[in-house]
Structure formats: structure tokens, C-alpha cells
1. In sequence order, what are the phi-derived ³J(HN,Hα) couplings for region 33-39 according to the Karplus relation 6.51 cos²θ - 1.76 cosθ + 1.60 with θ = phi - 60°, rounded to whole Hz, with x for glycine and proline?
2. Using the Kirkwood radius over Cα pairs, work out the Stokes-Einstein diffusion coefficient for the chain at 4 °C and 1.567 mPa s, in µm²/s as a whole number.
3. Place +1 on the Cβ of every Lys and Arg and -1 on the Cβ of every Asp and Glu in region 1-48, take the dipole about the Cα centre, and give the residue among TYR25, GLN36, GLN4 whose Cα lies farthest towards its positive end.
4. Within the set of other residues whose C-beta is less than 13 Å from the C-beta of TYR106, count the net charge using Lys and Arg as +1 and Asp and Glu as -1.
5. Which value, in Å², gives the accessible area per residue of the chain when a 1.4 Å probe is used on the protein heavy atoms?
6. In nm, to one decimal, how far is the modelled label at THR108 from the one at PHE72, with both set 7 Å along Cα→Cβ?
7. Only four residue types carry charge here, +1 at the Cβ of Lys and Arg and -1 at the Cβ of Asp and Glu. Report the dipole size of the chain about the Cα centre in Debye, rounded to the nearest 20.
8. Check which residues have an amide H placed less than 5 Å from SER19's amide H, if you skip close sequence neighbours.
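The values are calculated or read from the model by the stated rules, or taken from the named source; none is laboratory data. Quick caveat: nothing in here was measured; it's all calculated off a predicted structure. Cβ sites come from the backbone with ideal geometry, for glycine too, and all protein chains shown count toward neighbours. The protein model used for the area step is the full one, side chains on, heavy atoms only, and it has no ligands, DNA or RNA in it. Shrake-Rupley method; radii C 1.70, N 1.55, O 1.52, S 1.80 Å.
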Amino acid sequence: MLDQAIEHLQPGDQVTLHSDQGWHYQMKRYQKTLEQHPIKQSMSRKGNCLDNAVIENFFGFLKSELLYLQKFECIEHFDRELADYIHYYNHKRMKAKLKDLSPVEYRTQVLNVA
């Protein structure tokens, strides 16, 4: 998977790879490969599943609201749909936990009051 991802990197790409603390992610060879390409490594803290909770929640929504609902003609089509979904998720999708605001509205509401 890592080798395939590296093949698609373009000069200037800024990439972060997040994982748990599985033994293969901690291997020196693996970390050296990330360093050579430069991919920033991000890992959960040991024994703390909450580090992944937010992104796992997002990926769950992404799969059920985008990935499973359509077939993609090509990778470019997927890239466009993904960018559109991320914009929708951040700017338009209301969340009950955020007082029925989008994430961006929730974060910026304090600025509107000041």
C-alpha cells in the first residue's frame, strides 16, 4: 500500500500517514521509507483508541454517504467527488453534537460574537 501511494506523490505534496502502533508501522525500514519521501508519520498513543475515534467516525460517514452510494468512472472522478464531499462535510453538513451547525459554522460562531 505504501509503495503504491508513493508512486502517486507529486513534488510539493504534503502527506501525513496516520496509523495505530502496529509493529510494522514502528519498523525502522518503514519509518525510513516515510522519511525518504517525505511523509509525516502520525501514530495513536499506545493503548488510546480515542486518538483514532474522530477520524474513524469521519471515515464511517464518508463510506456510507459517498463511497457506497456510487461507482466512480476513474480516479479523477473519485478525487472530484471526494473534494466535494469534504467541502460539504465541513461547510454544510449539520451535526446535532454541534448544535445543528456545520463544523465550520460551529468553529467560527465565536468570531461572529466577538
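1. Running phi through 6.51 cos²θ - 1.76 cosθ + 1.60 with θ = phi - 60° gives 4, 4, 4, 5, 10, x, 10 Hz.
2. Working: Rh = 17.0 Å.
Rounded, D is 76 µm²/s.
3. TYR25
4. Working: positive: LYS92, ARG93, LYS95, LYS97, LYS99, ARG107; negative: ASP100, GLU105.
Here the count lands on +4.
5. Values: 9260 Å² over 114 residues.
Roughly 81 Å² per residue, with all protein chains present.
6. Roughly 2.7 nm, to one decimal.
7. Working: 15 positive and 15 negative charges, 114 e Å.
For this selection, approximately 540 debye.
8. SER42, MET43, SER44
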